[in-house]
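The structure appears below as structure tokens.
The values are calculated or read from the model by the stated rules, or taken from the named source; none is laboratory data. What you are looking at is a predicted structure, and each value in this text was computed from that prediction instead of being measured. Methodologically, a virtual Cβ is constructed for each residue, glycine included, from the backbone with ideal geometry; neighbour enumeration extends over all protein chains shown.
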Amino acid sequence: MGGVRIGNLLKRETLPQDVATAAHEGTAMTGRRIGDVILNLENISLSFGGVKALSNISFDIREHEIRAIIGPNGAGKSSMLNVINGVYHPQEGTITFRGRKMHDMNTHEAAAAGIARTFQNIALFKGMTVLDNLMTGRNLKMKCNFLLQALYWGPAQREELEHRRKVEEIIDFLEIEHIRKTPVGRLPYGLQKRVELGRALAAEPRILLLDEPMAGMNVEEKQDMCRFILDVNDQFGTTIVLIEHDMGVVMDISDRVVVLDYGRKIGDGTPDEVRSNPEVIAAYLGTSH
């Protein structure tokens with residue numbers, strides 16, 4: 001599993017300048033309170049032909065927590081995120097979001113319900129500016145009809161100004177004012193990742209799904225991303241579901257961790273509980289169960 005610090009998983013040793021610890025030092029995680037279960041997944045199974053991607057997986061996500069999903073490559077982590085936001089429909093199991101069972105939920109319904117997503121591979125409009133990319137994240141919030149928007153008159157004009165104000169707040173929050181008018185395709189990788197986070201935040205989600213938000217980043221970029229994730233969770237109260245390969249980051253910023261291996265759940269609990277789980281250790285080291 002590329003980039004994983006096995007030593008951090010098996011026996012947590014404080015690094016002199018650990019990425020997530022350094023990010024913590026720049027954030028004020030005061031007064032954060034984890035609430036009741038906001039999303040519950042029960043006995044989720046997903047198959048593609050004869051291949052079992054997920055097998056009888058159950059876990060819950062609590063409001064305001066940072067919930068990590070980890071596992072070796074091919075464990076089913078991204079498939080689980082795709083189930084949560086309606087890309088895939090499981091053959092078995094139930095998904096309950098805010099007390100309501102979501103049957104055959106599609107991506108539009110998930111977004112409208114308050115579930116936003118970033119992707120492992122950046123999915124931005126490369127020819128559009130940072131500002132315009134973030135404005136696309138406000139699409140579901142726009143109420144005026146197409147004709148009023150096309151004429152840019154009256155209510156449509158007022159609505160766009162309000163959406164632009166929200167987007168400018170996110171630009172300030174993510175410290176990207178200096179690139180707000182820059183086409184995204186001209187930006188370095190780390191800043192593109194930050195813009196993608198901003199576009200997801202523009203939808204004002206209740207749950208934010210982050211699929212490897214720090215993949216391919218250097219240490220400084222990871223530190224910045226950790227800080228923004230912690231601030232989103234703390235200041236906005238957004239529930240975070242995180243897939244990440246850097247175990248130092250996962251163990252430092254997560255409240256609870258669920259571990260998948262070959263489509264089945266092998267661990268679930270606090271970082272300390274997961275770190276000492278023999279089955280998790282075996283999966284990461286490649287030894288027999």
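Descriptive notes on the structure:
- Residues within segment 46-77 that are touching a Lys or Arg at 6+ places or on another chain (Cβ under 6 Å) and polar (S, T, N, Q), tallied: 1
- Filtering segment 205-234 to residues that are surrounded by fewer than 18 Cβ atoms within 10 Å (Cβ to Cβ) and free of Cβ contacts under 8 Å to residues at least 40 places away in the same chain leaves Gly216, Asn218, Glu220.
- The strands (runs of 3 or more DSSP E) found entirely in segment 238-289 include none that carry 2 or more residues being among the hydrophobic types (A, V, I, L, M, F, W, C) and touching a His at 6+ places or on another chain (Cβ under 8 Å).
- Summed over segment 64-91, residues that are closer than 12 Å to His245 by Cβ and in contact with a helix residue (DSSP H, G or I) (Cβ under 7 Å, 6 or more places away or on another chain) total 5.
- Set side by side, the residues Asp60, Asp132, Asp104 differ, and just one is among the charged types (D, E, K, R) and under 24 Å from Gly269 (Cβ atoms), which is Asp60.
- Some residue of segment 251-263 being touching a Leu at 6+ places or on another chain (Cβ under 9 Å), hydrophobic (A, V, I, L, M, F, W, C) and surrounded by fewer than 22 Cβ atoms within 10 Å (Cβ to Cβ): no
- Condition check for Ala113: touching a Leu at 6+ places or on another chain (Cβ under 8 Å) and either surrounded by 15 or more Cβ atoms within 10 Å (Cβ to Cβ) or closer than 14 Å to Arg206 by Cβ (or both): no
- Failed condition for Thr118, given (1) in contact with a Lys or Arg (Cβ under 7 Å, 6 or more places away or on another chain); (2) buried (at least 19 other Cβ atoms within 10 Å of the Cβ); (3) under 30 Å from His178 (Cβ atoms): (1)
- Test: residue in segment 15-34 that is closer than 30 Å to Leu191 by Cβ and either modelled with pLDDT of 90 or more or not assigned by TED's automatic domain parsing to the domain that holds Val241 (or both): no
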